[in-house]
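The values are calculated or read from the model by the stated rules, or taken from the named source; none is laboratory data. As the structure is a computational prediction, the values presented were derived from the model and not from experiment. Here the Cβ is made from the backbone with ideal geometry for all residues, glycine too, and neighbour counts use every protein chain on show. All accessible areas refer to the heavy atoms of the entire protein, side chains included, with ligands and DNA or RNA removed. Shrake-Rupley method; radii C 1.70, N 1.55, O 1.52, S 1.80 Å.
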Amino acid sequence: MRNTVLQLCLWSAYCCFATGDPIPLGPEGRLQDEFDKSRVVPTAAKPPVRFNLRTSEDPEHEGCDLSLGRSQPLEDCGFNVTAKTFFIIHGWTMSGMFENWLYKLVSALQMREKGANVVVVDWLPLAHQLYVDAVNNTRGVGLSIAQMLDWLQGKEDFSLENVHLIGYSLGAHVAGYAGNFVKGTVGRITAIAEVLKCEHERAVHLFVDSLVNQDKPSFAFQCTDSNRFKKGICLSCRKNRCNSIGYNAKKTRNKRNSKMYLKTRAGMPFRVYHYQMKIHVFSYKNMGEMEPTFYVTLYGTNADSQVLPLEMVEQIGLNATNTFLVYTEEDLGDLLKIRLTWEGKSQSWYNLWKELRSYLTQPRVSKQELHIRRIRVKSGETQQKLTFCAEDLENTLISPGQELWFHKCRDGWRMKNETSPTVEHL
């Protein structure tokens, strides 16, 4: 357990480096960090870092190694000093070999940025260590990258502004070190998982997706916790609260440690379309202990959605506004109508027992009903707000096994003569 805690602490302590935050340095450029001082081994005693220029999309191709201080290999490899240059930096490894995601990322960059230099920073011998030792090697690797960049800056027409460091896992820490040690400012540093919390492998695929599917960018939304996001409360783009992810992410000045959330498809392209749904239950009848299970179907000008469940993050509020998050894998276009369905009672022994108990305690109960007149919808991707009114204004009651239809009746959320969001008028 102690080892696990230590690794988590190390990750937390080094995460800020990947975002380009300044690192306190001593007079000789050493980190003012007791942990670093006690652990760092002189660079000369360690295996060299390789810089492999990928000259082919074939993963079996060996590429071409660049050598610090030697101009001839630079020319022989076909390095273009005027083009964009990407440095891909892998992380800690248990196998001592490159993982498949690296080749996919190389291919995606070559496809998206024709003519760019794609360089794989190979520090496998230093990364194939105990995790703590690999962490301590990140500084030296970052320094090696900075030295390579400083040398390249001596070449005519080479610009540090055209350099993009892409770090994965511990490679993000390496990128942060390189950005601090280099003489000048690197054009861009990306920790692949810095935009949102997700599994490392998933983060790489999201980044690759942003390269190959640039016409289908995925958006993430700032939110304080996952429960609020699941309720659809956080689909706001005001004050940089939303951003595209991966290669297409825009540089913003957000507060540190802000959390971003999004839904994705199972495979590429990962983009989905987020909607917040606000349903006001302003009267009810005989609810008892039953928790309703709702589904919605969205109908648009381009397509219709599948039947989508409304996830109950908390018990439904009666005589109150309830919010839900739904998402679709297709662009439905402009929404026209919504079908709300209340699932019928299942015949499980548990539900039969609840029904019997409810009948014994409240024998006069006939059936459960909810009174819903309208549904408000907000699109996360377009920020458009719409109001949908019940198709039959004389019949706005719904019970288990029934459905209600709602048609678009207004752009925006505030209805005519409505003075407060908690007051409902027709």
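Does the range 369-381 include one or more residues that are open to solvent by 40 Å² or more (accessible area, probe 1.4 Å) and without any contact (Cβ under 8 Å) to a residue 60 or more places away in the chain? Walk me through it before giving the result.
Residues of the range 369-381 open to solvent by 40 Å² or more (accessible area, probe 1.4 Å): 373.
Next, from what is left, pick out any that are without any contact (Cβ under 8 Å) to a residue 60 or more places away in the chain: none.
Within the range 369-381 (the criterion being open to solvent by 40 Å² or more (accessible area, probe 1.4 Å) and without any contact (Cβ under 8 Å) to a residue 60 or more places away in the chain), the answer is no, since none of the residues qualifies.
Here are F282, F294: which of them is at pLDDT below 90, farther than 30 Å from Y168 by Cα and buried (at least 16 other Cβ atoms within 10 Å of the Cβ)? Don't jump to the end; show me each part of the working.
Working: F294 fails: at pLDDT below 90.
Result: F282 is the single residue among F282, F294 that is at pLDDT below 90, farther than 30 Å from Y168 by Cα and buried (at least 16 other Cβ atoms within 10 Å of the Cβ).
Please go through the range 202-236 and pick out each residue that is touching an Asp or Glu at 6+ places or on another chain (Cβ under 9 Å), among the polar types (S, T, N, Q) and closer than 30 Å to Q110 by Cα.
Within the range 202-236, S218 is the sole residue that qualifies.
Within the range 334-362, work out how many residues are assigned to a loop (DSSP other than H, G, I, E, B), modelled with pLDDT of 65 or more and exposed (fewer than 12 other Cβ atoms within 10 Å of the Cβ).
Applying the first criterion (assigned to a loop (DSSP other than H, G, I, E, B)) to the range 334-362 yields 334, 343-348, 362.
Adding the requirement that they be modelled with pLDDT of 65 or more leaves 334, 343-344.
Then drop every residue that is not exposed (fewer than 12 other Cβ atoms within 10 Å of the Cβ), which leaves 344.
Final tally of qualifying residues: 1.
Run L211 past the list (1) open to solvent by less than 70 Å² (accessible area, probe 1.4 Å); (2) part of a loop (DSSP other than H, G, I, E, B) and report the number of the one that doesn't hold.
(2)
Just checking, which of S226, S218 is in contact (Cβ under 8 Å) with a residue 24 or more places away in the chain, open to solvent by 20 Å² or more (accessible area, probe 1.4 Å) and under 29 Å from D331 (Cβ atoms)?
Numbers: S218 fails: open to solvent by 20 Å² or more (accessible area, probe 1.4 Å).
Answer to the selection: S226.
When you scan the range 92-107, do you find a residue that is outside any loop (DSSP other than H, G, I, E, B), open to solvent by less than 60 Å² (accessible area, probe 1.4 Å) and touching a Lys or Arg at 6+ places or on another chain (Cβ under 7 Å), even just one? Lay out the reasoning, then the answer.
To start, the set of residues in the range 92-107 that are outside any loop (DSSP other than H, G, I, E, B) comprises 100-107.
Subsequent filtering for residues that are open to solvent by less than 60 Å² (accessible area, probe 1.4 Å) retains 101-102, 105-107.
Imposing the further condition that a residue be touching a Lys or Arg at 6+ places or on another chain (Cβ under 7 Å) reduces the set to 106.
Yes - at least one qualifying residue is present in the range 92-107.
State which residue is nearest to N180 (Cα to Cα) when the search covers only the range 111-124 and only residues that are modelled with pLDDT under 95 and assigned to a helix (DSSP H, G or I).
Checked the range 111-124; the qualifying residue nearest to N180 (Cα to Cα) is R112.
Yes or no: F86 within 24 Å of Q129 (Cα to Cα), open to solvent by less than 20 Å² (accessible area, probe 1.4 Å) and at pLDDT 90 or above? Before the answer, list the steps.
Working: within 24 Å of Q129 (Cα to Cα): no; open to solvent by less than 20 Å² (accessible area, probe 1.4 Å): yes; at pLDDT 90 or above: yes.
Considered against the rule, which asks whether it is within 24 Å of Q129 (Cα to Cα), open to solvent by less than 20 Å² (accessible area, probe 1.4 Å) and at pLDDT 90 or above, F86 comes out as no.
Among the listed residues D65, D21, D58, identify the single one that is assigned to a loop (DSSP other than H, G, I, E, B) and either open to solvent by less than 30 Å² (accessible area, probe 1.4 Å) or at pLDDT 50 or above (or both).
Numbers: D65 fails: assigned to a loop (DSSP other than H, G, I, E, B); D21 fails: either open to solvent by less than 30 Å² (accessible area, probe 1.4 Å) or at pLDDT 50 or above (or both).
Selected residue: D58, the only one of D65, D21, D58 that is assigned to a loop (DSSP other than H, G, I, E, B) and either open to solvent by less than 30 Å² (accessible area, probe 1.4 Å) or at pLDDT 50 or above (or both).
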